[in-house]
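Just so it is clear, none of the values below were taken in a lab; they were calculated from the coordinates. All values reported here derive from a predicted model rather than from experimental measurement. Because the Cβ atoms are built from the backbone with ideal geometry, glycine has one as well, and the counts that use them run over all protein chains shown.
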Amino acid sequence: MFTGIVEKMAVVKQIDREGSNYHFTLETPIAQELKIDQSMAHNGVCLTVVKLDKAANRYTVTAMDETMRRTNLKDWEVGTEVNIERSMRMDGRFDGHVVQGHVDQTAVCEKVETLDGSWKFFFRFENTNREHFTVEKGSICVNGVSLTVVDSAPGKFSVAIIPYTFAETNFHNIKEGTVVNIEFDVFGKYVARLFEEYRKQQGNL
């Protein structure tokens, strides 16, 4: 489980393919603090550390074909900046919202507005799943970043980004046409599922 508060960015240094699996080697200063089998969020995708090279500040994670198809990992290349977060500690403050690291789908940036000292990003996504929705002032996880929804419409939403988040995450690389990973609020998904089951039961009465 994660909170959506990005710790650092990592840079993709090497990509190797083995069958349908992809092995990504990334470089980050906090590689010194990692360990094998540790779960980490990468642009919001939960991946397991399978190899460490602390001398080079590098570690390796593996993504299966299912992960590649559902996320923007397929767009990664050497030099790509990735938002990373280690799993949540139980003895610390919960600064973001509940993030599972299970990306629901991708979204595409439609527009970026430069405001007076901040930015507003507009995204669109496939509105084909009743459990995939946003609400104004609700939570959304974009590339592993816990954010508050500003505008909400079917298949669309916007978020506002302050200078700190813009500089310290890969939001500074997002522009019109950029594909991002999104995870909808888990509590909203559960409520939507329960409501759908209730509707089905009512229809059978």
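For residue 195, neighbours were defined as the other residues whose beta-carbon sits under 14 Å from its Cβ, and their charges (Lys and Arg +1, Asp and Glu -1) total +2. Here the mean projected area of the convex hull built on the C-alpha positions of the chain is 13.3 nm². Scanning the chain for trypsin sites (Lys or Arg not before Pro) that sit in a DSSP loop and have at most 13 other Cβ atoms within 10 Å, the longest stretch containing none of them is 36-88. In this simple spin-label approximation, residue 87 and residue 5 carry label points 7 Å from Cα along the Cα→Cβ vector, and these lie 1.9 nm apart. Straightening the chain between residue 55 and residue 166 buys 37.0 nm, computed as 0.36 nm per residue apart minus the Cα-Cα spacing. Given DSSP loops and a limit of at most 12 other Cβ atoms within 10 Å, what is the longest stretch of the chain that contains no such GluC sites (Glu not before Pro)? Looking at the chain, 1-76 is the longest stretch - no exposed GluC sites (Glu not before Pro) with at most 12 other Cβ atoms within 10 Å. Rg over Rh for segment 30-106 works out to 0.96, using Cα positions for both radii and the Kirkwood form for Rh.
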